[in-house]
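Written out below as structure tokens is the structure these notes cover.
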Amino acid sequence: MKNFKYIGLALFFFINKMNAQSIISLDDCYRWQSENHPLTAQISAINKSEKWQVQQVSRQNWPQATLNGQASWQSDVSHIPNLPFPGLVIESPSKDQYKLNLDIAQNIYDGGMIKASKKTVQQSIALEAKQVEANLYAIKEQLCRAYFGGLLAQEQVQILKYSLADLNLKKDKVEKLVKEGVAIASQALVLDANIIEIQQQIDDAEIKKKNALVFIESVTGKTLAEEAKLINPLSIPQYDKTINRPETQLLSLDMANQENIYQLNISKNFPKVALFGQVGYGRPGLNFLSNQFDPYAIVGMRLNWNLAGMYLGSFKRERAIKDLKLDKIKALSTSVNNAYKVRADQEKNDAERMKKVIESDNELIRIRTQLVKIAETQFQQGIINSNDYTIESNALLKAQILRAVHDIQYQQSLAIYKLIIGQ
């Protein structure tokens with residue numbers, strides 16, 4: 001049974017490892033974030049609530065029915081004094097009175113209030129969803145930077161391991177020469193020290209990559225293998241100064257919403273017409289002189305018009321409030337757009353600068369590679385010692401790492417540029 005237990009555990013961990021993502025692209029991370037981040041579920045919930053809120057407003061156009069009941073006692077009632085005519089007696093109504101009635105009202109014209117209310121509800125929901133989308137977009141930029149940080153660490157590990165393997169080969173050769181008495185022991189110690197330093201750099205870079213993967217997991221909801229390989233996007237520059245981020249879209253929606261709020265507020269000052277009806281049963285009925293329980297019914301048309309807005313300047317005030325809010329939003333929109341354009345230009349300039357630096361890196365690596373080959377030949381011939389060789393080897397390693405750093409910085413600038421302008 002224990003064997004089966006261990007086999008089951010082994011299969012469990014094997015399946016989990018197989019399910020873990022091993023090759024990852026930046027687009028994969030973006031897609032996983034949009035699918036799995038908790039804020040995405042929040043956007044879905046907000047959009048679903050629109051249907052119910054709009055329905056709630058639309059039902060104001062339905063017939064509105066209200067059931068009312070009342071039982072009361074009053075100290076006096078309307079009555080007619082006894083007239084001086086023999087046999088003519090008019091009974092006074094009872095002081096205890098009862099009413100049960102059903103009131104029904106049907107809206108005919110509301111000055112556009114319900115229509116404006118529906119638009120305001122829809123716009124408010126769109127604003128709420130767009131705000132969450134903007135928060136999600138800000139996390140997307142953090143995700144992008146974490147991805148390139150992990151990619152840079154990954155490239156450094158590969159270059160450092162290549163250099164480490166080369167130094168280990170040289171160390172083996174030197175140790176052999178030391179045993180043969182051709183080389184002194186200090187030459188092997190120089191290589192040992194250099195190997196330790198490079199291993200430390202490898203360990204540091206591996207931790208940085210691991211931290212980047214942990215962050216990517218936290219925002220994408222995906223389980224990533226420790227040996228997962230991050231792919232360099234290799235984007236092609238496509239520069240565009242049009243800013244189309246969720247934040248700028250949010251401001252455009254807010255401007256449209258202010259128009260809707262204005263229409264809703266002024267619609268409250270328009271006349272409203274409705275049909276109404278009332279059926280009931282009570283004592284007294286419509287004949288207040290009757291002391292009997294009677295059914296009754298009333299139908300008619302009702303007009304309501306708040307005229308205060310005409311002489312209190314409500315229309316002018318609402319328009320002024322709307323214009324002030326629109327001016328404020330426009331100023332903020334201009335400021336936000338300018339800020340993003342400045343950031344976009346900075347990333348564009350960084351990308352162009354890195355492109356030129358990479359060209360010089362390639363030339364530097366070509367020269368350093370030739371120098372290392374010369375140093376290797378001289379080292380084998382005993383012309384130079386291990387210290388001289390490691391100097392040239394480290395110079396090439398540094399040039400290769402800088403080339404990888406600059407290439408990733410170039411791709412990162414392009415990726416951040418796209419995020420800034422909302423591509």
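The values are calculated or read from the model by the stated rules, or taken from the named source; none is laboratory data. On a predicted model such as this, the values are computed, not experimentally measured, just so you know. When we count neighbours, we look across all protein chains shown, and the Cβ atoms used for this are built from the backbone with ideal geometry, even at glycine.
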Residues that are touching a Gly at 6+ places or on another chain (Cβ under 9 Å) and in a helix (DSSP H, G or I): does segment 329-352 have at least one? yes
Check on Tyr98, modelled with pLDDT of 85 or more, more than 30 Å from Tyr262 (Cβ to Cβ) and under 34 Å from the mean Cα position of the chain (by Cα): no
Output the qualifying pairs, or none if there are none: Cβ atoms under 6 angstrom, residues six or more apart or on different chains, first residue in segment 120-132 and in the same structural domain as Gln55 (by TED's automatic domain parsing) and closer than 14 Å to Gln258 by Cα, second residue of a type in the set (Asp, Glu) and assigned to a helix (DSSP H, G or I). Ile125/Glu50
Ile384: surrounded by 13 or more Cβ atoms within 10 Å (Cβ to Cβ) and assigned to a helix (DSSP H, G or I), yes or no? no
Given the options Tyr311, Tyr239, name the one that is of a type in the set (Ser, Thr, Tyr) and over 22 Å from Met113 (Cα atoms). Tyr239
Taking the condition in a strand (DSSP E or B), touching a Gly at 6+ places or on another chain (Cβ under 7 Å) and either loosely packed, with under 14 Cβ neighbours inside 10 Å or not assigned by TED's automatic domain parsing to the domain that holds Val121 (or both), does Val279 pass? no
Across segment 107-142, the tally of residues that are over 21 Å from Ser218 (Cα atoms), small (Gly, Ala, Ser) and part of a helix (DSSP H, G or I) stands at 5
